[in-house]
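What follows is one structure encoded as structure tokens, with my remarks underneath.
What follows is calculated from the coordinates using simple rules that are stated; it is not laboratory data. Every value quoted in this text rests on a predicted model; they were computed, and no experiment measured them. All Cβ positions, even for glycine, are placed from backbone atoms using ideal geometry, and neighbour counts span all protein chains on display.
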Amino acid sequence: MTYCVGMVLDKGLVLMSDTRTNSGVDNISTFRKLFHWHVPGERMIAVMTAGNLATTQAVISQLEERTKAPGERDNALLKGPTMFQVATEIGRLLRATIEEAQRVNGDTGKGRFTATMIVAGQIAGMQPRLFMIYPEGNFIEASWDTPFFQIGETKYGRPILIRGYDSDMSFEDAVKLLVVSFDSTIKANLSVGLPLDLLVIGKDTFAPTHDHRIGADDPYFATISSGWGDALRSAFHSLPSYSFDGEG
């Protein structure tokens, strides 16, 4: 399992993913799930992945190959005229990769090779955009009504995002909100874990504004984790106690 979040702000985009993969409690590994490419002054595109590792690695590898040999084939990442078309091409590639894996493996492969992706970025002259791509290759786009997407183990961190998100918040506050969301998820589910990859994409910058890996020894993460726990306990004890002698 994994946990990834992509968020749209007035100032740009913020993305965070964990790096844990596991095939049982005794087989846990670390793999990057957040990838990005940019053309200075022209475009910045990022992809986060969740699901079957072989599927997601195959898709990312094909995208990487296309950036290394742009003249040999249509390169959606570097040549797609809009983020919509970039998302469309990545969706096609994801669907084709899943279908090929299922074809090779027959009935035993059905359902085993699914994956979901978040695509984020901006192309010069257009607004930053955020998409969630399903295994079938279709996708939805974030809006101000739905300003963030989660993939993977979403349920534990979602209440934090819903209560804390504000479109005009600073990048620093957005990162803090994401760290709290990830800490809550890590506490509740062993299949999500550190290190975390963080990417901030400022509007009209067309390059990473901030690209950082948060490890197990990161002092900021430790401070937020312990501080959030203390704050929750304090808030709980500040609420009125239930009375068995009350009316009703």
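Sort Met7, Met117, Met132 so the one with the fewest other Cβ atoms within 10 Å of its own Cβ comes first.
Met132, Met7, Met117
List, in order, the whole-Hz ³J(HN,Hα) value for each residue of segment 232-237 obtained from phi through the Karplus relation with A = 6.51, B = -1.76, C = 1.60 and θ = phi - 60°; use x for Gly and Pro.
5, 4, 5, 5, 4, 6
For the chain, what does -39500 (n - 2.57) per DSSP helix run (n ≥ 4), summed and divided by total residues, give at 222 nm, in deg cm²/dmol to the nearest 500?
For the chain, the value works out to -11500 deg cm²/dmol.
Could you give each residue of segment 180-186 its phi-based ³J(HN,Hα) in whole Hz, using Karplus coefficients 6.51, -1.76, 1.60 with θ = phi - 60°, and x for Gly or Pro?
4, 4, 5, 4, 5, 5, 4
If each residue's Cβ is checked for other Cβ atoms within 10 Å, how do His237, His212, His38 rank with the fewest at the top?
His237, His212, His38
Given the Cα-Cα distance of Ile162 and Arg213 and 0.36 nm per residue of separation, how much length would full extension add, in nm?
15.9 nm
Using a Förster distance of 35 angstrom, determine the FRET efficiency expected from the C-beta separation of Ser243 and Lys155, and round it to 0.05.
Between Ser243 and Lys155 the formula returns 0.65.
Which of [x] 19.4, 75; [y] 19.7, 78; [z] 19.1, 59 is the computed Rg and Dmax of the Cα atoms in Å for the structure on display?
Working out Rg and Dmax of the Cα atoms in Å from the coordinates points to [y].
As an exercise, identify the chymotrypsin sites (Phe, Trp or Tyr not before Pro) in segment 66-167 lying in DSSP coil whose Cβ has no more than 14 other Cβ atoms within 10 Å.
Those satisfying the criteria are Trp144.
Determine, for Met83, Met1, the number of other Cβ atoms within 10 Å of each Cβ, and report the residues in order from fewest to most.
Ranking Met83, Met1 by Cβ neighbours within 10 Å, fewest first, gives Met1, Met83.
Compute the relative contact order of the chain as a whole-number percentage, counting only Cα pairs closer than 8 Å that sit 6 or more residues apart in sequence.
Here the relative contact order equals 27 percent.
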